[in-house]
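Undergrad: Below you'll find the structure I mean.
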Amino acid sequence: MDWKEQDEIISRVLKGDRNAYTLVVNRYKGPIFNLAYRMTGSYHDADDLTQETFLKAYVALGKFQRDRKFFTWLYTISLNLIRNHLRGAKPVSEPMESLCSSEPTNDFENPEGSAIRGEEIKLLNICMRRLPPDVREAVVLRFHQGLSFEDVAAVSGCSLSGAKMKVYRGLEKLRLLMDETIRERRSP
Amino acid sequence: MMKVVEIAMARENLEKLMERALLEELSPEERALLEKALQGAPELLAKWRELERITSLARLLPQIQPPADLDAKVMARIDSLRPALWTRVRDFLLQPVDTRIDFKRAFSGSASGSECSFYFIMAGFYFLIVGLILMFGIGRFGGEWLMVRWVRMQPHIALVTAVWLVVLGIFILKDGAIAARVARIGTVAYIGLLILDAVAIHMTAGFPLALVFLFSFIGTGVLTGLFLAKIIWNYGKNYAAL
């Protein structure tokens, strides 16, 4: 969906064409759902938060400034909802580890390598859950969602240097956590 | 550049460079020089490799498929946000509607829902005026042809057509795929019924004055209908992707 098409769809929705909003939902449901899932670790909560994001965006669409990027605006709404959710959230009922065990990896050519990589991804997921939410969101946005540092800063509502600092802090923290977890597993 | 890296050989500076490399602030040449410099600091090199591994793993985190019914659930919740019927009627009657008369735009297919609605309501208004003129004026004409029952029904037919077109216009204001579909069917029905009306007048009246109806009332109505059909067909194309 290019800028022009997106602008046209937003105009249609603002004129009362509710059905045109399905195009917006369809285009962004994947990234928004994955952001919520990676932040909460719960499939059910991610589903609820994604619905809430699109509902809130629909209601607030009239306030969206057309000179801004739509997806950063949508991500900001989503992130605010996720932050509020995490503030009041109980520990995740679905264990992250069990969810991660079914996650596919892309290493098809080498099954052994795939298994190792799968284990590593599983471990990374567990450690990511232990990151502070603001740091976790920066890492997820940058690496999992593939946003530029400028977009990470715009979505998180911090400066560019702030966004970079969070990402680096996240990587450092992940390194220590992964190291610690591996050592814990090895010790009898 | 070599000089920069030489200065950065100290551990602290190397760590700073590592941070900059991970934040993608170094050029490929600078990065290669950093790697080379790290060969002399095994502890830092291990840390560097570890951080690189984590970034590549984070990029490999799989994308999870959202629930299949997510779109439907979102749209159902949006539909539940709809205001009550009386609120919508009040808004329709009292709020200004942004529209314009631009036949070129209407023919080219870029008319919005409110513009299409406007054309339908205006066509309905035309039939309302025609219906009223016929209703109050037809009795003033004398002659045998007025005895034909079908001719006497023409004012009523015009008024029903007026209501039909206004209802279609209001329905298009919903600006949705269903409204476009209903309006298409309604427009075809409208043209078809007008043609049938013309045939009925011709067959039942059977005298030259009936041609007045054929060329004025019916003829104008059919031309209007074709115009409405064209704009509603174009408008409906907007929903082809949905």
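The values are calculated or read from the model by the stated rules, or taken from the named source; none is laboratory data. Note that the structure is a prediction, hence the values are computed from the model and not measured. Note that each Cβ is placed from the backbone with ideal geometry, even for glycine, and that neighbours are counted across all protein chains shown.
Undergrad: Please go through the stretch A:131-188 and give me each residue that is basic (Lys, Arg) and either within 9 Å of chain B (Cβ to nearest Cβ) or more than 19 Å from the chain's Cα centre (by Cα) (or both), ordered by number.
TA: A:Arg142, A:Lys164, A:Arg175, A:Arg183, A:Arg185, A:Arg186
Undergrad: Only residues that are free of Cβ contacts under 8 Å to residues at least 40 places away in the same chain, over 19 Å from B:Lys16 (Cβ atoms) and surrounded by 15 or more Cβ atoms within 10 Å (Cβ to Cβ): list them for the stretch A:148-183, please.
TA: Correct list: A:Val152, A:Ala153, A:Cys158.
Undergrad: Can you tell me which residues in the stretch B:202-232 are modelled with pLDDT under 75 and β-branched (Val, Ile, Thr)?
TA: B:Thr204, B:Val212, listed by residue number.
Undergrad: So, B:Asp197, is that one of a type in the set (Asp, Glu) and either assigned to a helix (DSSP H, G or I) or at pLDDT 80 or above (or both) or not?
TA: The answer is yes for B:Asp197.
Undergrad: Further, regarding this structure: Those residues that are touching a residue at least 40 places away in the same chain (Cβ under 8 Å) and at the interface with chain B (Cβ under 8 Å from one of its Cβ atoms), I need them from the stretch A:39-48; list them, please.
TA: Just the residues of the stretch A:39-48 that are touching a residue at least 40 places away in the same chain (Cβ under 8 Å), to begin with: A:39-45.
Across the stretch A:39-48, the qualifying residue is only A:Tyr43.
Undergrad: For B:Thr187, state whether it is modelled with pLDDT of 80 or more, over 30 Å from A:Tyr21 (Cβ atoms), surrounded by 20 or more Cβ atoms within 10 Å (Cβ to Cβ) and of a type in the set (Val, Ile, Thr).
TA: Against the criterion (modelled with pLDDT of 80 or more, over 30 Å from A:Tyr21 (Cβ atoms), surrounded by 20 or more Cβ atoms within 10 Å (Cβ to Cβ) and of a type in the set (Val, Ile, Thr)), B:Thr187 does not qualify.
Undergrad: Does A:Thr76 satisfy being modelled with pLDDT of 75 or more and closer than 22 Å to A:Thr53 by Cα?
TA: Values: modelled with pLDDT of 75 or more: yes; closer than 22 Å to A:Thr53 by Cα: yes.
Spelling it out, A:Thr76 is indeed modelled with pLDDT of 75 or more and closer than 22 Å to A:Thr53 by Cα.
Undergrad: In addition: Take the residues of the stretch B:53-76 that are outside any loop (DSSP other than H, G, I, E, B) and among the charged types (D, E, K, R): which is nearest to A:His144 (Cα to Cα)?
TA: It comes out as B:Arg59.
Undergrad: Starting from the stretch B:111-131, take each residue that is within 14 Å of chain A (Cβ to nearest Cβ) and closer than 17 Å to A:Ser11 by Cβ and list its partners that are of a type in the set (Gly, Ala, Ser) and crowded, with 22+ Cβ neighbours inside 10 Å, counting only C-beta distances under 6 angstrom and pairs at least six apart or across chains.
TA: These pairs meet every condition: B:Ser117/B:Gly169.
Undergrad: Among the residues of the stretch B:1-8, is any assigned to a helix (DSSP H, G or I), modelled with pLDDT under 85 and in contact with a Leu (Cβ under 6 Å, 6 or more places away or on another chain)?
TA: Checking the stretch B:1-8: at least one residue is assigned to a helix (DSSP H, G or I), modelled with pLDDT under 85 and in contact with a Leu (Cβ under 6 Å, 6 or more places away or on another chain).
Undergrad: Ok, one more. Give the number of residues within the stretch A:3-38 that are more than 22 Å from the chain's Cα centre (by Cα) and either more than 7 Å from every other protein chain (Cβ to nearest Cβ) or not basic (Lys, Arg) (or both).
TA: 15
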